[in-house]
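What follows is a short report on a single structure.
The values are calculated or read from the model by the stated rules, or taken from the named source; none is laboratory data. Keep in mind that this is a model prediction, so the values were computed, not measured. All Cβ positions, even for glycine, are placed from backbone atoms using ideal geometry, and neighbour counts span all protein chains on display. Remember, those area values only see protein heavy atoms, side chains included, never the ligands or the DNA or RNA. Shrake-Rupley method; radii C 1.70, N 1.55, O 1.52, S 1.80 Å.
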Amino acid sequence: MSHFSPTDLARQLGQGLLSFPVTHFDAQGAFLEGPYREHCGWMLERELTGLFAAGGTGEFFSLTPTEVAQVVAAAVAETNGRIPVISGCGYGTAIATGIARDAEKAGADGLLLLPPYLMHAKQEGLADHIEAVCRATGLGVIVYNRDNAIINDETLARLCDRNPNLIGFKDGVGDIELMTRIYARMGDRLTYIGGLPTAETFATPYLTMGVTTYSSAIFNFMPEWALAFYKAVRAGDQVYVMDQLRSFVLPYIALRDKGRGYAVSIVKAGMRVIGRDAGPVRSPLTDLSAAEEAELRALIERATA
């Protein structure tokens, strides 16, 4: 059973930094609940406002619906109501509504609705999909605007009018005009979350548009750094933010961009670097090469020295 109502969830998420744990696998790709729970507990020793279980960095796309529920249940058990757990949700409408119901049974507090698999659709179709998920559950729903599922401000406004449990908007597009239109139209009706890859890069300009939080993948392996960066963004410390962007974030992005799918792979490599191995990524993703991981190690060591 959820510990946070949709209204409470929306309020909670906007107050601090969010993160999403990687999903732990053994060498054969099976989910390892014990190490996963231990990692969630380790993350919760720091300041976090919400945890995205089986999200994008948690390799949602490689998990079966049954595994999604297992991962979410493990996160719920470990957090024990201390902070909200938001479950990944996605694929076509029939699968997504099933995942939503299973996540609610597993004790999740909310859903992050990722794009449907492969298909491009009109605004009417995307609206029908989002509304079906909202109506399948009593949980708070955050729509993730990215890739093949980009809704505009008019569609979002209609959905909010009809679905009180649609409480959040996560932007993975980077369209400043669209984000401005959405915030101008919706205001405090939604909680806004930064969701572009390596969200730290966009944190400062997005703050001026009402995006008070973001989900940090880097928190998985550099939690103190991630928190210090977030606090500097919120405090308007541009000198510190730009110094960290130059010295760590931009070189990190350059390394991430060396391979397709590395936005996830580089996080698991970071885990190995700090001695918290979460296992390999599942195919079709591939892990960083030994040389790339050595480059990442040098970056992390400089940033945490």
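Less than 18 Å from a label point 7 Å out along the Cα-to-Cβ axis of THR7: which backbone N atoms in segment 14-58 qualify, by residue?
In segment 14-58, the label zone of THR7 (backbone N under 18 Å from the point 7 Å along Cα→Cβ) covers 14-15.
Amide H of GLY140: which non-local residues (sequence gap of 5 or more, or other chain) have their own amide H closer than 5 Å, using H built in the peptide plane?
Amide H to amide H, under 5 Å and 5 or more residues apart or across chains, GLY140 pairs with LEU111.
Among rounded, prolate and oblate, which fits segment 196-245 when a ≥ b ≥ c are the square roots of the eigenvalues of its C-alpha gyration tensor, a/c under 1.5 means rounded, and a/b larger than b/c means prolate? Please report the intermediate quantities before stating the final value.
Details: a/c = 1.73, a/b = 1.20, b/c = 1.44.
Oblate shape, in that a/c is at least 1.5 and b/c is the bigger or equal ratio.
Gain in length, ALA132 to GLN28, computed as 0.36 nm per residue apart minus the alpha-carbon separation, to one decimal in nm? Show your work: numbers first, answer last.
On the way: separation 104, 0.36 × 104 = 37.44 nm, distance 3.53 nm.
So the chain would gain 33.9 nm between ALA132 and GLN28.
Starting at 0 and stepping by 10 Å, how many percent of the alpha carbon pairs of segment 189-305 end up in each bin?
13, 46, 30, 10, 0
Which of PRO115, CYS134, GLY172 sits farthest toward the positive end of the charge dipole of segment 97-210, with +1 on the Cβ of Lys and Arg and -1 on the Cβ of Asp and Glu?
Checked the options; the winner is CYS134.
Would you compute, from DSSP H runs of 4+ residues alone, the mean residue ellipticity of the chain at 222 nm, taking -39500 (n - 2.57) per run and dividing by the full residue count, rounded to the nearest 500?
Only helices count here, giving -13500 deg cm²/dmol.
Across segment 170-234, how large is the tail of the calculated P(r) beyond 20 Å, expressed as a percent of all Cα pairs?
Numbers: 507 of 2080 pairs.
For segment 170-234, the fraction of Cα-Cα distances above 20 Å is 24 percent.
What residues qualify as long-range amide H neighbours of PHE52, i.e. H under 5 Å apart, gap of 5 or more or another chain, H built at 1.01 Å from N?
SER19, PHE20, ILE86
Per residue, how many Å² of accessible area does segment 152-274 show with a 1.4 Å probe? If you can, show how the numbers build up before the last one.
Values: 4810 Å² over 123 residues.
For segment 152-274, the per-residue accessible area is 39 Å².
Show me the ranking of peptides 297-305, 9-17, 285-293 by mean Cβ neighbours inside 10 Å, starting with the highest. Don't jump to the answer; show the numbers that get you there.
Numbers: 297-305: 13.7, 9-17: 19.9, 285-293: 15.3.
Peptide ranking by packing, descending: 9-17, 285-293, 297-305.
At a 10 angstrom cut-off on C-beta neighbours, averaged per residue, how do the peptides 166-173, 48-55, 252-259, 196-203 rank from highest to lowest?
Per-residue Cβ counts within 10 Å, averaged per peptide and sorted highest first, yield 48-55, 166-173, 196-203, 252-259.
If amide hydrogens are placed 1.01 Å from N in the peptide plane, which non-local residues have theirs closer than 5 Å to the one on CYS89?
LEU112, LEU114
For segment 216-227, take each phi angle, set θ = phi - 60°, evaluate the Karplus expression 6.51 cos²θ - 1.76 cosθ + 1.60, and give the result in whole Hz per residue in order, putting x for glycine and proline.
Per-residue couplings from phi come out as 9, 6, 4, 4, 4, 10, 9, x, 5, 4, 4, 5 Hz.
What FRET efficiency would be calculated for the residue pair ALA305, ALA77, taking the C-beta separation as r and a Förster radius of 45 Å, to the nearest 0.05?
Working: r = 36 Å, r/R0 = 0.80.
So, using R0 = 45 Å, E works out to roughly 0.80.
Once both labels are modelled 7 Å past Cα along the beta-carbon direction, what's the ALA94-ILE274 spacing in nm?
Taking the two extended label points, one gets 4.2 nm.
Once phi is turned into θ = phi - 60°, what whole-Hz ³J(HN,Hα) does the Karplus curve with 6.51, -1.76 and 1.60 give for every residue of segment 272-285, x standing for Gly and Pro?
The phi angles translate into 5, 4, 8, x, 10, 4, 9, x, x, 7, 7, 5, x, 6 Hz.
Using the Karplus curve 6.51 cos²θ - 1.76 cosθ + 1.60 with θ = phi - 60°, work out ³J(HN,Hα) for each residue of segment 91-100 in order, rounded to whole Hz, and write x for Gly and Pro.
Each residue's phi maps through the Karplus curve to give 6, x, 4, 4, 6, 4, 5, x, 4, 4 Hz.
Pull up the DSSP beta bridges for the chain and report the antiparallel fraction as a percent, rounded to 5. Walk me through the intermediate numbers first.
Numbers: 2 of 28 bridges.
So the antiparallel bridges amount to about 5 percent of the total.
What's the carbon and sulfur percent of segment 111-270's accessible surface, probe 1.4 angstrom, rounded to a whole number?
Details: 3560 of 6450 Å².
Heavy-atom surface of segment 111-270 belonging to carbon and sulfur, 1.4 Å probe: 55 percent.
When only C-alpha pairs under 8 Å and at least 6 residues apart count, what is the relative contact order of the chain, in percent? Please report the intermediate quantities before stating the final value.
Values: 565 pairs, mean separation 56.8, N = 305.
Dividing the mean separation by the residue count of the chain yields 19 percent.
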